[in-house]
Amino acid sequence: DIQEQEHGRILPALMGAMKDSANPRVQAHASAAVVNFTDNCDKDIIAQYLDTLISSLIGQLQHNHRAVRESALPALSSLADCAQQHFVKYYSQVMPLLFEIMAHAKERSMLRAKCM
């Protein structure tokens, strides 16, 4: 499948697009593409990229552009699902941010809904 054969080209390109702070829509679409890529992806393949992906997505959760924040949550969720036990080491970084999102329901209602 494409994940196994092309991960070395696709994921670095997506990670680069996720860091394109001058273009929030590009960042949001790159995060959405991560969701699609992780579908049926082997956990050991995605594990190679978790440090950079998680770091980018944590940054996106704090972005001032709503679409970027809202695309980061499904990407984090799909990474956690795909990576399985490899995601455990990121739990302490991710969960406080998710709890903060949940606590600010009125300002971020769509983000809160995606968090659930």
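Readers should treat all values here as calculations from the given coordinates under stated rules, not as data from a laboratory. Predicted model, so just to flag it, every value in this text is computed and none were measured. Positions of Cβ are backbone-derived with ideal geometry, glycine not excepted, and every protein chain shown enters the neighbour counts.
Values for this structure:
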| item | result |
| --- | --- |
| In the range 8-23, the residues that are surrounded by fewer than 18 Cβ atoms within 10 Å (Cβ to Cβ) and assigned to a helix (DSSP H, G or I) | G8, R9, I10, P12, A13, M15, G16 |
| E70 being out of contact with any strand residue (DSSP E or B) (no Cβ under 6 Å at 6 or more places or on another chain) and touching a residue at least 12 places away in the same chain (Cβ under 8 Å) | yes |
| Hits in the range 24-50 (condition: surrounded by fewer than 13 Cβ atoms within 10 Å (Cβ to Cβ) and either touching a Ser or Thr at 6+ places or on another chain (Cβ under 6 Å) or more than 14 Å from L79 (Cα to Cα) (or both)) | R25 |
